[in-house]
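A quick write-up on the structure given underneath.
The values are calculated or read from the model by the stated rules, or taken from the named source; none is laboratory data. The structure displayed is predicted, hence computed values, not measured ones. Backbone-built Cβ (ideal geometry, glycine too); neighbour counts: all protein chains shown.
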Amino acid sequence: MKTILVVGASQGIGLELCRQFSSRGDRVIATCRRRTPALDALALEVIDGVEVADDAGIAALVSALGARPLDVLVHVAGILTREGLDTLDVDRIRAQFEVNALAPLRVVQALLPCLRAGSKVAILTSRMGSIADNGSGGYYGYRMSKAAVNAAGVSLARDLQPRGIAVFLLHPGMVATGMTGGRGIPVEEAAANLLARIDNQDIGQTGTFHHANGEVLPW
C-alpha cells in the first residue's frame with residue numbers, strides 16, 4: 001500500500017485521482033481549501049483549509065502531515081483566467097503565478113521531510129506552458145505561469161535526484177472540468193492516464209514533460 005498526497009482534491013481531476021488511487025487500495029490524503037460532499041463521500045483523510053498560495057495554508061498542511069513519509073505527491077491545484085492582449089489584467093496574471101507556479105514549489109519545499117528515496121512528485125502542468133507549442137497566442141497569465149512551473153519542476157528534479165526523489169511535469173490533456181467549461185475528455189480517462197504515467201515513470205525520467213497519454217511534450 002502506497003501513501004499518496006493529492007494537493008487540490010475537492011473537484012475535477014484531483015477528486016478523481018483520489019477516487020482511483022483509493023479504489024486500488026492506496027492510502028490517500030487529500031487537501032483542499034474547503035471540503036465538498038463529493039470528497040467527503042470517498043471516506044479519505046482530508047486536510048482542509050489548505051490555501052496553497054499563502055503562508056498559513058502551507059503551514060496548515062505541514063502541521064497536519066508532520067513528517068509522515070509520502071510515496072507520491074501529486075500537485076493538482078491550479079487556476080486559469082483568460083487574458084488577451086487587449087484585456088490584460090496584471091492582478092489576475094499575478095494570481096495565476098502564485099497558484100500555478102509558486103505554490104507547487106512551495107509545497108514541495110515544505111514537504112521535503114516527507115519525501116525519501118523512491119518518492120515521486122507529479123506536478124500537473126499544461127502544454128499551454130510550452131513555448132515551442134504555442135501556435136495561437138493569448139492566455140498570457142496561464143501560459144506564463146505554466147512555463148514557470150515547468151522551469152521550477154526541472155530545477156526540482158535536478159536538486160532532488162541525488163536524494164532518489166523523482167519529479168515529473170504532466171499535462172492531463174484537455175479535460176471536461178469546470179476550468180474548461182465541460183469541454184474535453186472525461187475526467188475519469190484523464191485521471192487513469194495520469195495514474196499510469198505516475199506508476200510507470202521512475203527516477204530515470206525525472207525532469208521530463210509528458211502528456212498523460214505518454215507523448216513527450218516540447219518545452
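Brief remarks on what is shown
- Test: GLN109 is at pLDDT 95 or above and surrounded by 15 or more Cβ atoms within 10 Å (Cβ to Cβ): no
- In the set (1) assigned to a helix (DSSP H, G or I); (2) closer than 19 Å to THR3 by Cα, the condition left unmet by LEU42 is number (1).
- Qualifying positions in segment 90-106 - surrounded by 14 or more Cβ atoms within 10 Å (Cβ to Cβ) and either out of contact with any helix residue (DSSP H, G or I) (no Cβ under 7 Å at 6 or more places or on another chain) or outside any helix (DSSP H, G or I) (or both): ALA95, GLU98, VAL99, LEU102, ALA103
- All positions within segment 59-78 that are surrounded by 17 or more Cβ atoms within 10 Å (Cβ to Cβ), in contact with a helix residue (DSSP H, G or I) (Cβ under 6 Å, 6 or more places away or on another chain) and assigned to a loop (DSSP other than H, G, I, E, B): LEU70, VAL76, GLY78
- When residues in segment 36-88 are screened for being within 21 Å of TYR140 (Cα to Cα) and charged (D, E, K, R), 3 of them pass.
- ILE123 fulfils the conditions (1) at pLDDT 95 or above; (2) touching a Lys or Arg at 6+ places or on another chain (Cβ under 9 Å) except for a single criterion, (2).
- When segment 107-139 is filtered for residues that are in contact (Cβ under 8 Å) with a residue 40 or more places away in the chain and part of a helix (DSSP H, G or I), the ones remaining, listed by number, are VAL107, VAL108, ALA110, PRO113, CYS114, ARG127.
- In segment 152-170, the residues that are among the acidic types (Asp, Glu) and in a strand (DSSP E or B): none
- Residues located in segment 192-210, provided they are free of Cβ contacts under 8 Å to residues at least 60 places away in the same chain, under 13 Å from LEU169 (Cα atoms) and of a type in the set (S, T, N, Q): GLN205, THR206, THR208
- When each of LEU73, LEU65 is tested for being at pLDDT 95 or above, aliphatic (A, V, I, L, M) and within 11 Å of the chain's Cα centre (by Cα), the lone residue that passes is LEU73.
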